[in-house]
1. How many residues are in a strand (DSSP E or B), touching a strand residue (DSSP E or B) at 6+ places or on another chain (Cβ under 6 Å) and over 19 Å from residue 85 (Cα atoms) when one looks only at region 197-235?
2. Given the criteria outside the structural domain of residue 88 (by TED's automatic domain parsing) and touching a residue at least 40 places away in the same chain (Cβ under 8 Å), does residue 198 qualify?
3. Looking only at residues that are under 18 Å from the mean Cα position of the chain (by Cα) and surrounded by fewer than 18 Cβ atoms within 10 Å (Cβ to Cβ) in region 12-38, which one is nearest to residue 118 (Cα to Cα)?
4. Take the conditions more than 21 Å from residue 206 (Cβ to Cβ) and assigned to a helix (DSSP H, G or I) and apply them to residue 22. Does it pass?
5. Can you tell me how many residues within region 9-18 are touching a residue at least 40 places away in the same chain (Cβ under 8 Å) and either in contact with a strand residue (DSSP E or B) (Cβ under 9 Å, 6 or more places away or on another chain) or not assigned by TED's automatic domain parsing to the domain that holds residue 88 (or both)?
6. Which condition number in (1) more than 24 Å from residue 201 (Cα to Cα); (2) buried (at least 19 other Cβ atoms within 10 Å of the Cβ) is the one that residue 135 fails?
7. In the set 82, 60, which member is farther than 14 Å from residue 10 by Cβ and free of Cβ contacts under 8 Å to residues at least 40 places away in the same chain?
8. Which residue out of 245, 210, 253 is over 15 Å from residue 109 (Cα atoms), buried (at least 23 other Cβ atoms within 10 Å of the Cβ) and modelled with pLDDT of 95 or more?
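The values are calculated or read from the model by the stated rules, or taken from the named source; none is laboratory data. Computed from a predicted model, the values in this text were never measured in an experiment. Note that each Cβ is placed from the backbone with ideal geometry, even for glycine, and that neighbours are counted across all protein chains shown.
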């Protein structure tokens, strides 16, 4: 059976959700990886389920996953997976984690899904499809100055001291700052509920799926210098409703 990339991405999200839901708010062993981030059986089972389907439907594509590493990472088309973005939230029983599924073609993100399998929020965007949330088209909010903007970040503790000093200048200038939310925050920017997200220390699997979600909703996603994100980016990101707000944030980050 032939599936479009968008249809396959939704199938992958369904498989990941089916693997994750039985573990939610259940006793679960939490392991600590080399970078001190947590991982659970739910993370591993969800990524394994996605990889099995990719091997079935896209055997020639590459895969980069948080839990099981790289497979044909130099392929023209590469799927980038984060089975549970926000494992700390998952372990604590907070339904604000998400499964991230991205597709890169020639190194550029072209398709993305944010799937929250507990509350049922799913954002999806692709080359020929604008960002949809649960089947409805969504748009970012345009035209806000930084002083009127509501921004978000997962945790102030996720920044190293130098980056936090930069972020704190943005926080001081914004109308309001929300903490927590992981990838869900980016979906909220795409849907016009949150105006920007500022983070650093992200890896490719943390941001690849988010770029199409933000941009196909009319927003922008860049590094802290305002440049497009690439596989060599250091993982300091701005996601914002429009270029003017992103530029204002970048100016504050630069001091």
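1. Restricting attention to region 197-235, the residues satisfying the condition of being in a strand (DSSP E or B) are 197-199, 220-223, 228.
Narrowing the set further to residues that are touching a strand residue (DSSP E or B) at 6+ places or on another chain (Cβ under 6 Å) leaves 197-199, 220-222.
Going one step further and asking which of them are over 19 Å from residue 85 (Cα atoms), we end up with 220, 222.
Going through region 197-235 one residue at a time, the tally reaches 2.
2. yes
3. Looking at residues that are under 18 Å from the mean Cα position of the chain (by Cα) and surrounded by fewer than 18 Cβ atoms within 10 Å (Cβ to Cβ), I get 14.
4. Judged against the criteria, residue 22 is a match.
5. Qualifying residue count for the region: 6.
6. The failed condition is (2).
7. 60
8. 245
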